[in-house]
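Just below is one structure, and these are the notes that go with it.
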Amino acid sequence: MDDVKTPSSEERKSALSGLGTSRKRVEDARFTQGKGNYVDDIKLKGMLFGDFVRSPVAHAKIKKIDTSAALALPGVHAVLTAADLEPLGLHWMPTLAGDKQMVLADGKVLFQGQEVAFVVGDDRYAVADGVALVEVEYDELSVVTDPFKAEMENAPILREDIADQKEGAHGPRRHPNHIFTWESGDKEGTNKVLDEAEVVADEMVYYHRTHPCPLETCGCVASMDKVNGKLTVWGTFQAPHAVRTVASLISSIPEHNIRIISPDIGGGFGNKVGVYPGYVCAIVASIVTGVPIKWVEDRMDNLMATAFARDYWMHGKISATKDGKITGLWCHTTADHGAFDACADPTKFPAGFMNICTGSYDIPVAYLAVDGVYTNKAPGGVAYRCSFRVTEASYFIERMIEVLALKLGMDSAELRSKNFIKKEQFPYTSALGWEYDSGDYHKAWDKALEAVNYKKLREDQAKQLELFKSGKSRKLMGIGLSHFTEIVGAGPVKNCDILGLGMFDACEIRIHPTGSAIARLGTISQGQGHATTFAQILASEIGIPASDITLEEGDTDTAPYGLGTYGSRSTPVAGAATAMAGRKIRAKAQMIAAYLLEVHDDDLEWDVDRFVVKGAPEKFKTMKEIAFASYNQAIPGVEPGLEAVSYYDPPNMTYPNGAYICVMEIDVDTGVSEIKKVYALDDCGTRINPMIIEGQVHGGLTEALAISMGQEIAYDEQGNVMTGTLMDFFVPTAWETPNYETDFTETPSPHHPIGAKGVGESPNVGGVSAFSNAVHDAFKPFGLTQAHMPHDHWRVWKIAKDLGLHN
Amino acid sequence: MIPSAFSFYKPDNLQKAINLIADFGDEGRVIAGGHSLIPVMKQRLTDIKHLIDLSAINELKGIKIKGSSISIGAMTTQVELITNAELFKVAPVIREASLQIADPQVRNLGTIGGNVANGDPANDMPGLMQLLDATYTINGKNGVREIKAREFYEGAYFTAREDDEILVSISFNSPIGGYAYEKQKRKIGDYATAAAGVILSVDNGVCSSASIALTNLSDTPIYCSDAVSMLIGKQIDDSLLSEVTKSCVEQSDPVADQRGPVEFKKYVAGIVVNKALNRAFDRS
């Protein structure tokens, strides 16, 4: 007699901490106790340090580099210049965007902070002294920091190496400073609709240059073992496998002899996708010296030289009928790429997914052209907490909607609602060619408007306006609306690759004899909590508690090949691979269970953590029992062990979406704004861990707040970086961060194995528009149509001044 | 961010510090809280061969109050200025201003002496010392001397202190009347876009004494003498306060930076002065 009651399915399900559970982050114990292991924590025997001599000027010929004083300094071992790298073919390197980039200045410098020489020494102190002793003679050239001026006839030519090339990686070039023109959509059809439209709104929307500024800067430790020929590099890499392949291609070291390890990473936000000169120089220096070399940049290096984000000048025209039905969208973007085209986009998309710029709206015809331009600024153009150029696209359309609403004299909430893609239109093919997988925009929008009591907010706003007009208050109230559609989960191998590497991802699972497991993925967490959430996906798929599943990422010798973590691709791609690998495990487990229970495979059904004989619930085998059996039973026709691997090529992108609303109070005299309310409704499909989603939304909103209200990489006309420290580069503290209200709807992705869409970047995409629209909305009664971000104190003050609101 | 090499000294009494600085001349520098000095050393914007840490010198620390006369040792930290209850009773404007300096971590180490002696026009304490008409006591190999805060600042980072002198204490009389220190900044930890301090005493609506000072609106802190003359002996009303504000703004001479252009800073100067005047008046 077995008088122990079998727990119910529900009880067993809850014991797994699977999908939908707010499981606490398993990473936090080590991070909150200072037990993380970051690149700068790695110390190897005999390790030397390296650092750069950087250009103090934005554009100059290099007349001479004198390294003798530095080399004479005790403790300095080597100083590398382009001349040293040239014989190895490493003085330039390919970028992810089909361009090439100087590793060390080859005859000239093109931006302030550019790497000129690499000093290697005993410790950081000797290296810093060595850096100060390298003498570089510069012959300064005219500087251009404005992409429109860069394309003028007599603009200084930046890239003399390709000045005569009429053809670039993405088609014809029309000027030595022109990189590419990328077009999408129906140009003639759009022009015709605009010409014949009842109403057209025309506006230039600038999304300024900013920077991801992760808490941990970029760095690496390169170690060339000359005995076995193996190169190991620990680095802040968001895509370790891609780095391995690129390193092999450019160094000629066979790929099996390169091991790339991404240890704990302190935030990436796109900044750690690209390959930087520091990595190349550390590797070369390790090969030259035969000992490990550490290079870790400081904050100023990071802000000045590693990948920036945005810097898009987006000229838009949007047409509509008099009653507010949108008929067409036109956009021409001038994209400032800096000195080298080092954007990190899928190869075929030099402007990323900017052609998601029709947003959440059913727009019959659209046309987009993007011109990439070189300027004397740092290279980059990465997706800062968004999918490739999606924040730019979303900000563009959300501003154009507001500008159109002004022109129509219509409430912009109503205008949005009138033009949303309807639930029954999904899957929806946009005018610019994307197939939106699923969504219920009206449901989300109505829920959001009701949650904030939109009607009442407009009444409050009108009252505040009366107080202002009667001189009783100097404050205005703004209501910022935003509905966004992201396009994430790059992506289908048929159209997404990076340097020819298809953007699939992978998961490999090994079940141990006692029923616990290890899973390895091609992605790498930078704080997202993969070890927590991927274990939850698996727990639900294979019936092993999440706490019994170890997650490993980031070591290319052990993890399966994948394209890494950025563009919210981990859940849509690697998460799918995880579920699919789990299903392979379960399929084999079913065969083993059938053998053990002496029934046919088809006579079994899955029940949370076990296979049960249909119609005989007392006959079952748990995953734990099956796992042990896979190691100790000779099962005819079945290999021992319980392992599976899945390489997942997603059939489509996923399209997370959401409705964000911000209420702001603005003092027209000081330009100081106070955020009164932020409401963020996200639909990221199936929700894996609601607590982590909420955390992601808080973090993304805070970055969105920073970007829209003050964060920028500013240059003066000489190309000097004006925001090179955290004094001037705005990163909000708890003090500047408002309270956030989060909410959700749940519309699963129909093509993803568990219906999840990704969420980490949505709040940045939706948030920037909400904050910026609130500023615009406050000044709407006085005729403001467009004011560029960031909306810091003086720029907001300038809006008020230009509108005549100061006495 | 590594400074060039320097030798480090931590004398335990003032005389030793004075001797060291006298020996080193312009190759030596004293360090108090270090929040201004260390960043410029790390950026190698200054080359200091000998660094003399004053933190072990007890005679430079502490707040002494005798009746209406107040003396504060140069190495007294900002957090002590905020938490000292006796000081708050006799000069509450110090707490109000100190709470607006940087953030708690900075204030735990930042000192009043370092803040006033560095000559950085962005620092809040030099403006506050104009407001209080404080006197700085300076000691060096040639002996002790006193200098008025209002005569101390010559230009950005240039002061009346010689390289071989150490600012040892700050003294002033308990201010009478209402007070306010108003500062606009972009974020926690930032220097002022514009800041203003006001002390105001009023008898039957008539201003009997006043002081007004500005921070980060010129290359030195500003004592607004013209504006003060306009106030004293006058009936205080909105129109007078707005004239006084105008006079203060006229005395300001800010430079453009990432906080904004000159025109904006002058406008905000008017706003902070007016707010400070009104708050001080309400408290008078």
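Laid out as a table, the results:
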read-out: For B:Ser252: the one exception among (1) open to solvent by less than 40 Å² (accessible area, probe 1.4 Å); (2) more than 19 Å from the chain's Cα centre (by Cα); value: (2)
read-out: Single unsatisfied condition, A:Gly760 versus (1) at pLDDT below 95; (2) under 30 Å from B:Val272 (Cα atoms); value: (2)
read-out: Region A:225-281 - residue that is among the basic types (Lys, Arg) and in contact with a helix residue (DSSP H, G or I) (Cβ under 7 Å, 6 or more places away or on another chain) and, of those, farthest from A:Thr558 (Cα to Cα); value: A:Lys230
read-out: Test set (1) under 20 Å from B:Val116 (Cα atoms); (2) within 14 Å of chain A (Cβ to nearest Cβ); (3) of a type in the set (Lys, Arg) - B:Lys42 fails condition number; value: (1)
read-out: Region B:149-189: number of residues that are of a type in the set (S, T, N, Q) and surrounded by 18 or more Cβ atoms within 10 Å (Cβ to Cβ); value: 3
read-out: Pairs with Cβ under 8 Å, 6+ apart, first in region A:714-730 and away from chain B (no Cβ under 11 Å) and closer than 12 Å to A:Phe111 by Cα, second aliphatic (A, V, I, L, M) and exposed (fewer than 14 other Cβ atoms within 10 Å of the Cβ); value: A:Tyr715/A:Met722
read-out: Options A:Lys166, A:Lys149, A:Lys108; residue that is of a type in the set (D, E, K, R) and crowded, with 19+ Cβ neighbours inside 10 Å; value: A:Lys108
read-out: Residue in region B:204-226 that is open to solvent by less than 60 Å² (accessible area, probe 1.4 Å), in contact with a Phe, Trp or Tyr (Cβ under 6 Å, 6 or more places away or on another chain) and among the aliphatic types (A, V, I, L, M) present; value: yes
read-out: Exclusive hit being farther than 23 Å from A:Val275 by Cα and either open to solvent by less than 30 Å² (accessible area, probe 1.4 Å) or within 14 Å of another protein chain (Cβ to nearest Cβ) (or both), set A:Arg173, A:Arg159; value: A:Arg173
read-out: Total residues in region A:710-735, condition open to solvent by less than 30 Å² (accessible area, probe 1.4 Å) and closer than 30 Å to A:Glu140 by Cα; value: 9
read-out: Odd one out for A:Pro738 among (1) at pLDDT 95 or above; (2) open to solvent by less than 30 Å² (accessible area, probe 1.4 Å); (3) away from chain B (no Cβ under 14 Å); value: (3)
read-out: Any chance A:Val284 is farther than 21 Å from A:Lys377 by Cα and either at pLDDT 95 or above or of a type in the set (Gly, Ala, Ser) (or both); value: yes
read-out: Test for A:Arg244: is it over 22 Å from the mean Cα position of the chain (by Cα) and either closer than 27 Å to A:Ala339 by Cα or surrounded by 22 or more Cβ atoms within 10 Å (Cβ to Cβ) (or both); value: no
read-out: Members of region B:4-40 found to be within 23 Å of A:Ala70 (Cα to Cα) and either modelled with pLDDT under 95 or loosely packed, with under 14 Cβ neighbours inside 10 Å (or both), listed by number; value: B:Ser4, B:Ala5, B:Ser7, B:Val40
read-out: All strands (runs of 3 or more DSSP E) inside region A:490-577 with 2 or more residues being open to solvent by less than 30 Å² (accessible area, probe 1.4 Å) and among the β-branched types (Val, Ile, Thr); value: A:505-511
read-out: All positions within region A:414-441 that are over 27 Å from the mean Cα position of the chain (by Cα) and open to solvent by 30 Å² or more (accessible area, probe 1.4 Å); value: A:Glu414, A:Ser417, A:Lys418, A:Lys422, A:Lys423, A:Glu424, A:Gln425
read-out: Tabulated pairs, region A:783-807, first at positive phi, second of a type in the set (Phe, Trp, Tyr), C-beta under 8 angstrom, 6+ apart or interchain; value: A:Gly804/A:Phe782
read-out: Counted residues, region B:79-111 - those being of a type outside the set (Ser, Thr, Tyr) and either assigned to a strand (DSSP E or B) or closer than 20 Å to B:Ile199 by Cβ (or both); value: 18
read-out: Scan of region A:383-413 for residues that are open to solvent by less than 10 Å² (accessible area, probe 1.4 Å) and acidic (Asp, Glu), ordered by number; value: A:Glu392, A:Glu398
read-out: Residue among A:Ala150, A:Ala128 that is hydrophobic (A, V, I, L, M, F, W, C), within 14 Å of another protein chain (Cβ to nearest Cβ) and in contact with a strand residue (DSSP E or B) (Cβ under 8 Å, 6 or more places away or on another chain); value: A:Ala128
read-out: Residues of region A:356-382 classified as over 24 Å from A:Ser762 (Cα atoms) and either modelled with pLDDT under 95 or open to solvent by 10 Å² or more (accessible area, probe 1.4 Å) (or both), total; value: 4
read-out: Qualifying positions in region A:20-63 - of a type in the set (Asp, Glu) and without any contact (Cβ under 8 Å) to a residue 24 or more places away in the chain; value: A:Asp28
read-out: For A:Tyr595: the one exception among (1) in contact with a strand residue (DSSP E or B) (Cβ under 9 Å, 6 or more places away or on another chain); (2) open to solvent by 20 Å² or more (accessible area, probe 1.4 Å); value: (1)
read-out: Cβ-Cβ under 9 Å pairs, at least 6 apart or on other chains, region B:150-171 side within 18 Å of B:Ile112 (Cβ to Cβ), far side open to solvent by 90 Å² or more (accessible area, probe 1.4 Å) and in a strand (DSSP E or B); value: B:Ala160/B:Glu154; B:Val168/B:Val144; B:Ser169/B:Lys64; B:Ser171/B:Lys64; B:Ser171/B:Glu146
read-out: Only one of A:Asp298, A:Asp323 that is modelled with pLDDT of 95 or more, assigned by TED's automatic domain parsing to the domain that holds A:Gln114 and among the acidic types (Asp, Glu); value: A:Asp298
read-out: Within region B:255-284, considering residues that are acidic (Asp, Glu) and free of Cβ contacts under 8 Å to residues at least 40 places away in the same chain, the one least open to solvent (accessible area, probe 1.4 Å); value: B:Asp257
read-out: Matching residues, region A:691-701, being open to solvent by 30 Å² or more (accessible area, probe 1.4 Å) and either touching a strand residue (DSSP E or B) at 6+ places or on another chain (Cβ under 8 Å) or within 14 Å of chain B (Cβ to nearest Cβ) (or both); value: A:Glu694, A:His698
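To keep it simple, each residue is scored yes or no on (1) under 16 Å from A:Thr485 (Cα atoms); (2) of a type in the set (Phe, Trp, Tyr); (3) part of a loop (DSSP other than H, G, I, E, B).
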position: A:Ala366; (1), (2), (3): no, no, no
position: A:Ala378; (1), (2), (3): no, no, yes
position: A:Cys386; (1), (2), (3): yes, no, yes
position: A:Glu392; (1), (2), (3): yes, no, no
position: A:Ile397; (1), (2), (3): yes, no, no
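The values are calculated or read from the model by the stated rules, or taken from the named source; none is laboratory data. In this text, all values refer to a predicted model and were calculated from it rather than measured experimentally. A quick note on method: Cβ atoms are made from the backbone with ideal geometry, for glycine too, and the neighbour counts reach across all protein chains shown. The accessibility values were calculated without ligands, DNA or RNA, using every heavy atom of the protein model including side chains. Shrake-Rupley method; radii C 1.70, N 1.55, O 1.52, S 1.80 Å.
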